[in-house]
Amino acid sequence: MTLLLTFTATHVLAQWTSGVFVEGKDNAYNVNETGILPYVDYNAGDRPPIMATQRIDNGAVVAAGVARTTRNGRWNDTLPVNPAPYLDVLFDKAFQWMVPGAENVLWYENSVYNNTAQCSQLIDNLGTWGYTIWGDDRPLDTSGLLDNVDILVIPQLQMGDDYIGGDPAMLPNSWVSAIDSFVTGGGGLLIMEGSDCLGWNFCRVQNKILDALGFNWWFQHDEVGDTVDNWYEWWSPIAYVDPTTAIGSAYKGTTGTENIGLYAVCSLVELPLTFSVNVSVAPAFQSGLPGENLEYTVTVRNLSNVDDNYDLIVQDTENWSLSIDQSIMVPSLENRTTLLTVTIPEDATGCTSDNVTVNATSKADNTLSDNGSCIAHVQTVRGVEVLLEPENQLGVIGENVIFTITVKNTGNVWDNYNLTPSDDAGWTIKLDNDYLGIPKNENRETTLVVTIPDNENLVCTTNNITVVVTAVDNMEVTGNDNAAVHAVHAVPWAGTAVFSLVNLYTVNIEKILDIENGSKLVVKFYSYDNTFENENVIETFTTPPTWHVEENENARHPEGIGVKKARLDLTTDNTENVISTIASFVVRRDDLFSRIRAIKGRWPYASPDERDALFAEIRGIKGQWPYAPT
């Protein structure tokens, strides 16, 4: 039976001429660890080729991406156990397919890491198959070096700088010619490459030899992985040895299996290559707030054999602001990245998605192009602000007091709101509209009518009013504001009060007033966002009887800072208890501009000290200008 098996295998080996005989299984794929890119991406189901062979004239070549598997403790690992440690068997069947009856094997060691010392266990095992194997590091074009050699093993020529590496110019053409003459003259060549996990790119050197021989496959700069069929980790795949091939059939006949345990292998790609460019954008999806910039990394992969420049064009569906470099240069089989910035408009509606596409086109060949895409999404923002005005009112008993409620949708989507009023005193309160639908960033108004009962005992009573506004479909989106009604016999004052700006820090109040209730006139100062800053009491008096004032008076901000908003309030002895707001004033840009003109008119006549003060005021005006309303 042994003789028959050997005869049948040899007969099959002699008839088969070329093809892939070792490949990844159904879950195998390839990845680019470092350095140049592979020509072809293999995904699960593609079964990446790992070993292939081809007869060339009178000889033959086996290209195997298993260089790192040949090392001691890799192909025959016992911790953990490699379940199919038969690389020696596979090499024997490959040697006999290339050169039937082969015995003499030269394991080449010039510019080689995987030398006879690193791979001694494999070489010793092959010796038990009847092979005489020796190492030599003399130049391959040395006269007589390849005489009486049946099989030449090149276990990955590492020519080039580490992590850059792969410089085929360092491989002398005379060496390549010597290899070519050896193969075509009847010799067998086992040429190996390994995974790219250290980034050395040495596949370029091996491919120079394969190209010269006219071999139908090239090594790729990648690593074959398998998360399902492996014997240790994803980088130690259990590969498939095809029994329909001559070498695979002989391997199975000896081992009884179609599996082989490998370690850190690379894949092969069949020629001719189709050159292309690949574009990817990451992340594929991002979400941001209106006004924010979303940044994406655009990766352009040059899958051709020449360096190339690519024109970049970015387009989107929402016509937002997009920023990217107009072109990018990418070396052959490498990738380069650039930054894509998508600016979400300030007024963007929540939940809007902008589909962005980046297209790269080769400047050398405009038929080579690709595109990648991403999505920029607007986060939904919900919010509400409530303003109940005026903050304090006097109301005559038996009459109605009207407040204005302003509800602003501060979110970026349309929202509907319920309005709920309440008070301390249990008076009659009526809303003109208790339901408002408001577009994003807009506001709507309604009125609140408070009826003061006709009861003398309520005079000087303060009723605190609260209006709560809540989104219909999200009770967490809510806001409220408060106001107060002070019951009086009659209107507490009559007359006029007019504000004007004296300088950045001082307002003038020209007033003619008859005041029936209260104790003080107070100028209260606020920021533009209505935050209380300070106050200045300008009048103190006693009522009744009616107090009459007819006066033109200045009020300076107590903190010596710019006036933004000012309000003349009639209060009790406690200035926080506002009976009525008599007048209010907002410093606008027109007021600031008029003040600047006045300063310019005064400047020629001002003393040095006065000029210092005027200059400081101009600086203050410039600082306040961006926030002042028009």
Is it the case, given these coordinates, that Asp167 is surrounded by fewer than 19 Cβ atoms within 10 Å (Cβ to Cβ) and under 38 Å from the mean Cα position of the chain (by Cα)?
yes
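Quick grid of which residues meet (1) exposed (fewer than 14 other Cβ atoms within 10 Å of the Cβ); (2) among the hydroxyl-bearing types (Ser, Thr, Tyr); (3) closer than 21 Å to Thr274 by Cβ:
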| position | (1), (2), (3) |
| --- | --- |
| Thr299 | no, yes, yes |
| Tyr310 | no, yes, yes |
| Val314 | no, no, no |
| Ile328 | no, no, no |
| Thr343 | no, yes, no |
| Asp347 | yes, no, no |
| Gly350 | no, no, no |
| Ser353 | yes, yes, no |
Asp569 - would you say it is closer than 30 Å to Ser519 by Cβ and out of contact with any Cys (no Cβ under 6 Å at 6 or more places or on another chain)?
yes
Complete set of residues in segment 118-135 that are under 16 Å from Asn76 (Cβ atoms) and of a type outside the set (Asp, Glu):
Gln118, Cys119, Ser120, Gln121, Leu122, Ile123, Asn125, Leu126, Gly127, Thr128, Trp129
Counting only residues that are among the acidic types (Asp, Glu) and touching a residue at least 40 places away in the same chain (Cβ under 8 Å), segment 524-565 contains a total of 3
Restricting segment 514-537 to residues that are modelled with pLDDT of 95 or more and hydrophobic (A, V, I, L, M, F, W, C), which is surrounded by the most Cβ atoms within 10 Å (Cβ to Cβ)?
Leu521
Would you call Leu614 of a type in the set (A, V, I, L, M), touching a helix residue (DSSP H, G or I) at 6+ places or on another chain (Cβ under 9 Å), in contact (Cβ under 8 Å) with a residue 24 or more places away in the chain and in a helix (DSSP H, G or I)?
no
In segment 170-195, what residues are loosely packed, with under 15 Cβ neighbours inside 10 Å, of a type in the set (Gly, Ala, Ser) and either without any contact (Cβ under 8 Å) to a residue 60 or more places away in the chain or not assigned by TED's automatic domain parsing to the domain that holds Arg138 (or both)?
Ser174, Ser177, Ser181
Give me a count of the residues in segment 355-373 that are closer than 30 Å to Pro439 by Cα and surrounded by 16 or more Cβ atoms within 10 Å (Cβ to Cβ).
1
Across segment 241-280, which residue is nearest to the chain's Cα centre (by Cα) among those that are within 20 Å of Pro38 (Cβ to Cβ) and assigned to a strand (DSSP E or B)?
Ser280
Hey, Asp124 part of a loop (DSSP other than H, G, I, E, B) and surrounded by fewer than 19 Cβ atoms within 10 Å (Cβ to Cβ) or not:
no
Provide a single number: the residues in segment 293-321 that are farther than 15 Å from Ala360 by Cβ and either modelled with pLDDT of 95 or more or assigned to a strand (DSSP E or B) (or both).
9
Keeping to segment 490-513, report how many residues are farther than 30 Å from Gln624 by Cα and either basic (Lys, Arg) or surrounded by 14 or more Cβ atoms within 10 Å (Cβ to Cβ) (or both).
4
Within segment 9-56, take every residue that is under 20 Å from Pro100 (Cβ atoms) and assigned to a loop (DSSP other than H, G, I, E, B) and give me the one that is modelled with the highest pLDDT.
Thr17
Please verify whether Asn207 is surrounded by fewer than 22 Cβ atoms within 10 Å (Cβ to Cβ) and not hydroxyl-bearing (Ser, Thr, Tyr), treating the condition exactly as stated.
no
What tally of residues in segment 558-580 results from selecting those that are within 53 Å of the chain's Cα centre (by Cα) and surrounded by fewer than 17 Cβ atoms within 10 Å (Cβ to Cβ)?
5
Search segment 34-46 for residues that are over 16 Å from Glu270 (Cβ atoms) and pair each with any residue that is of a type in the set (Lys, Arg) and modelled with pLDDT of 80 or more when their beta-carbon atoms are under 9 Å apart and the residues are at least 6 apart or on different chains.
Ile36/Arg204; Leu37/Arg301
Taking the criterion of being among the charged types (D, E, K, R), in contact with a Ser or Thr (Cβ under 7 Å, 6 or more places away or on another chain) and closer than 21 Å to Ile344 by Cα, would at least one residue in segment 279-300 satisfy it?
yes
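The values are calculated or read from the model by the stated rules, or taken from the named source; none is laboratory data. Keep in mind that what you see is a predicted model, and the values were worked out from it rather than measured. All Cβ positions, even for glycine, are placed from backbone atoms using ideal geometry, and neighbour counts span all protein chains on display.
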